[in-house]
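Reading through the structure tokens given below for one structure.
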Amino acid sequence: MKNAIQFGAGNIGRGFIGMLLSQAGYRVVFADVNETIIDRLKADQGYTVHVMDTEVEDVPIRNVTGILSTGEEIVEEIAKADILTTAVGLRVLGFIAPAIAKGIQKRCADGVQAPLNIIACENAIRATSQLKEHVYSALSEAEKAYCEAHVGFADCSVDRIVPPVRTENPVDVVVEKYCEWNVEKASLKGEIPNIPGMNLADNLMAYIQRKLFTLNTGHCITAYTGVMAGYSTIDKTIADPEIYELVKAAMTQSGDGLIQKFGFDREAHYKYIDKIINRFRNPYLQDDVARVGREPLRKLSADDRLVSPLSTARSFGLPVDKLIIGIGAALHYNNPEDAQSVELQEKIVAKGVKDAFAEISGVTDPELLEQVADAYGKTESLFKR
């Protein structure tokens, strides 16, 4: 049996990547700092994924265990792994990189010739490349040369909605039926892993931006307008006709930029948008707007799901007014339990909307900054219920 390590035993790790790896016949070792989850995985050696759609399916997952990502045991596991995946959040990659580097150093010292493929399954552009930089900073030139020969760092895009639904068993997880995992084929080392549900991509950047600037753009605008309108979940928010019209129009404006940039078929992309919105309507997920809206500073940054699609569409001279309204709604996000939300509101109070947004997003164009400030002023009257 082949060995897989999944850094991050959260909902995405268990309900998406770990699930696919287990179903493909891998022994899956979850590595995390959450002792409660790790102890339960070690004890049960499995869990259940509840697929919530018009038909509910319970999928048993077996051949799994757990270890603390901060312990020495992780180095031994990396030394014998065939594949290593992550679902920890972009900001955490730098914290797990030293352990990965130690595992690679042991493989190098032991003369392991078998390939190890590393795939960071994060909601970000080229997350694996960023992880590789962190790992390489801890390696010698000889160890880097070993990596070039035997360790693949493959970027990917991931797409599955996994809401934080409480289950009787804390390691069970609720997911939607839809999932998509596209992995950059050219970066894999050795024999291509046979993992049903993992699609091999030649033009990965197109897949990454299609997902990030369609699903994630629409998802967060739905969340931010939903918070303003007093809705608690994504499905209730998208049922509001005015919000639905805005979200679809913003996703279309983002999509028009992608069509120009990558040459996507227009009709096919518009159908993709409709498919995404139908996923938002899924009442079985009970996806919390606060979960989707969390960390607004990251989501308002230059390369993320709001500013980047706006910049792309604008670079082709395309309309972006609905995307700007989405940004205006995001700037209103005020959640005392979210540190980034608190910081966002403090910046707006201290600097004003234009200067705060300029600092967060890197936008310097005076006309665009004025449009964002105007949208910020209008959104409250548009969506307050």
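Computed from the coordinates by the stated procedures, all read-outs in this text should not be read as laboratory data. Bear in mind that the values here come from a model prediction, so they are computed numbers and not experimental data. No Cβ is skipped: glycine too gets one built from the backbone with ideal geometry, and neighbour counts run over all protein chains shown.
Things to note:
- The lysine pair count for the range 205-383, using Cα distances under 21 Å and pairs eight or more places apart or on different chains, is 29.
- Convex hull volume per residue in cubic angstrom - Cα atoms of the range 85-240: 145
- Since only ALA329, PHE316, TYR136 are under comparison, the one whose Cα sits farthest along the positive direction of the charge dipole of the chain, derived from C-beta charges on Lys, Arg, Asp and Glu, is PHE316.
- Summing Lys and Arg as +1 and Asp and Glu as -1 over all other residues whose Cβ lies under 12 Å from the Cβ of LEU368 gives a net charge of -3.
- Other residues whose C-beta falls under 14 angstrom from the C-beta of ALA268 contribute a net charge of 0, scoring Lys and Arg +1 and Asp and Glu -1.
- 3J(HN,Hα) from dihedral phi, the range 250-258, Karplus parametrisation 6.51/-1.76/1.60, rounded to Hz, x for glycine, proline: 5, 5, 5, 5, 4, x, 5, x, 5
- Normalising the average separation of contacting C-alpha pairs (under 8 angstrom, six or more residues apart) by the number of residues puts the relative contact order of the range 205-383 at 26 percent.
- The chymotrypsin sites (Phe, Trp or Tyr not before Pro) found in the range 143-193 that occupy coil by DSSP, while having at most 16 further C-beta atoms within 10 Å, are TYR178.
- Dipole magnitude for the chain: computed about the Cα centre from +1 point charges on Lys and Arg Cβ and -1 point charges on Asp and Glu Cβ, it is near 300 debye.
- Bridge type composition, the range 3-202 - antiparallel percent by DSSP, nearest 5: 25
- Taking amide H as placed 1.01 Å from N in the peptide plane, PHE30 has its amide H under 5 Å from the amide H of GLN6, THR65, GLY66, ILE67, each at least 5 places away in sequence or on another chain.
- Per-residue 3J(HN,Hα) values for the range 372-379, derived from phi via the Karplus relation 6.51 cos²θ - 1.76 cosθ + 1.60 with θ = phi - 60°, read 5, 4, 5, 5, 4, x, 8, 4 Hz in sequence order (x marks Gly and Pro).
- Computed about its Cα centre, the charge dipole of the range 214-354 is approximately 260 debye, with only Lys, Arg, Asp and Glu carrying charge at their Cβ.
- Close Lys pairs in the range 3-202 (alpha-carbon distance under 28 Å; sequence gap of 8 or more, or different chains): 24.
- When you filter the GluC sites (Glu not before Pro) in the range 37-116 for DSSP loop state and at most 13 other Cβ atoms inside 10 Å of their Cβ, you are left with GLU55, GLU72.
- Relative contact order (%) - the chain, alpha-carbon pairs under 8 angstrom, separation at least six: 13
- Only helices enter this figure: runs of n ≥ 4 DSSP H residues, each worth -39500 (n - 2.57), summed and divided by the residues of the chain, yield -15000 deg cm²/dmol at 222 nm to the nearest 500.
- Between 0 and 90 degrees, the angle of helix 339-351 with respect to the longest Cα principal axis of the chain falls at about 40 degrees.
- ALA138/LEU200 FRET efficiency (R0 35 Å; Cβ-Cβ; nearest 0.05): 0.75
- Between the amide H of ASN117 and those of ILE83, LEU84, GLY152, distances stay under 5 Å, these residues lying 5 or more places away or on another chain, with hydrogens modeled in the peptide plane.
- The fewest-to-most ranking of LEU204, LEU41, LEU323 by surrounding Cβ atoms within 10 Å reads LEU204, LEU41, LEU323.
- Here is the list for the range 162-238: GluC sites (Glu not before Pro) lying in DSSP coil, each with at most 12 other C-beta atoms within 10 angstrom of its C-beta, are GLU168, GLU191.
- The angle between the Cα long axis of helix 321-331 and the longest principal axis of the Cα atoms of the chain comes to about 70 degrees, rounded to the nearest 10.
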